[in-house]
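Written below as structure tokens is the structure these notes are about.
What follows draws every value from the coordinates through simple rules; no lab data is involved. Owing to the predicted nature of the structure, the values given are computational and were not obtained by experimental measurement. When we count neighbours, we look across all protein chains shown, and the Cβ atoms used for this are built from the backbone with ideal geometry, even at glycine.
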Amino acid sequence: MTSVSIIGAGGMARAIAGVAKNAGADLQVVSRDPTEARRVTTELGAGTPGTLGDPLTGEIVVLALPFSAATEVAGQQREALAGRIVVDITNPVNFATFDALVVPTDSSATAAIQEAAPEAKVVKAFSTTFAATLERGTLSGAPLAVLVAGDDDGARRAVIDLANAAGLRGVDAGNLKRARELEALGFLQMTLAASGGTTWDGGFALVGP
């Protein structure tokens with residue numbers, strides 16, 4: 001059975017915890033505020049809550065945090081993350097201008113997290129889905145697509161399998177270099193929702209076999 005640890009307790013953390021629950025995975029949710037972690041597991045009726053710094057139990061560790069916090073935690077927890085699959089969900093948006101990504105044009109948030117935790121198997125996933133859409137699990141009547149990118153083939157496969165087991169559609173998006181395009185796609189989705197071009201429970205549908 002797959003085991004998943006989620007670091008964070010916000011909307012995306014709760015949505016991804018629901019994915020883990022639906023996939024039948026053993027679930028741990030940790031946060032700087034243990035009360036918030038307990039709230040997530042209580043609402044789901046599944047999982048073990050904890051405090052950031054507690055031993056991680058998951059083979060897959062999801063950094064359900066903003067970019068700067070995810071990079072900081074990856075560095076602080078680098079020994080604990082060594083050898084584990086680490087999922088970066090961030091879109092590194094410049095929230096002061098809401099007009100650009102804050103990482104270099106030839107890099108990505110995922111690459112920065114991989115650098116902070118070099119012995120982890122870092123993948124990008126869940127960055128092109130809103131929390132409300134992820135909780136629903138479908139888009140236009142079809143299973144929601146979860147695009148997964150990273151350099152470790154086994155790590156990508158494990159996250160794809162987790163998504164599929166939860167009734168979603170895991171899609172292999174290629175190596176870690178593709179994280180940049182996924183972040184740009186997530187950013188575009190955010191700007192469309194913010195401008196009213198779409199909604200915060202919508203998204204892009206992947207059509208095809």
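Of the residues Gly18, Gly24, only one is in contact with a helix residue (DSSP H, G or I) (Cβ under 9 Å, 6 or more places away or on another chain), among the small types (Gly, Ala, Ser), assigned to a helix (DSSP H, G or I) and more than 21 Å from Val73 (Cα to Cα); which?
After ruling out the rest, the residue left standing is Gly18.
Go through (1) over 17 Å from the mean Cα position of the chain (by Cα); (2) surrounded by fewer than 21 Cβ atoms within 10 Å (Cβ to Cβ) for Gly47 and report which single condition fails.
(2)
The conditions are (1) in a strand (DSSP E or B); (2) buried (at least 16 other Cβ atoms within 10 Å of the Cβ), and Gly202 fails exactly one of them. Which is it?
Of everything listed in (1) in a strand (DSSP E or B); (2) buried (at least 16 other Cβ atoms within 10 Å of the Cβ), Gly202 misses just condition (1).
Tally time: how many residues in region 175-209 are closer than 24 Å to Ala158 by Cα, more than 16 Å from the chain's Cα centre (by Cα) and among the small types (Gly, Ala, Ser)?
Qualifying residue count for the region: 2.
Any idea which of Thr133, Thr110, Thr128 is crowded, with 18+ Cβ neighbours inside 10 Å, under 15 Å from the mean Cα position of the chain (by Cα), part of a loop (DSSP other than H, G, I, E, B) and not acidic (Asp, Glu)?
After ruling out the rest, the residue left standing is Thr128.
Identify all residues within region 136-161 that are farther than 11 Å from Ile60 by Cβ and in a helix (DSSP H, G or I); write none if there are none.
Arg136, Asp153, Gly154, Arg156, Arg157, Ile160
Which residue is surrounded by the fewest Cβ atoms within 10 Å (Cβ to Cβ), if the candidates are limited to region 25-35 and must be out of contact with any Pro (no Cβ under 9 Å at 6 or more places or on another chain) and under 13 Å from Gly58 (Cα atoms)?
Checking each candidate, the answer is Asp26.
Would you check which residues across region 1-14 are surrounded by 22 or more Cβ atoms within 10 Å (Cβ to Cβ) and of a type in the set (Gly, Ala, Ser) and list them?
Those that are surrounded by 22 or more Cβ atoms within 10 Å (Cβ to Cβ) and of a type in the set (Gly, Ala, Ser): Ser5, Gly8, Ala9, Ala13.
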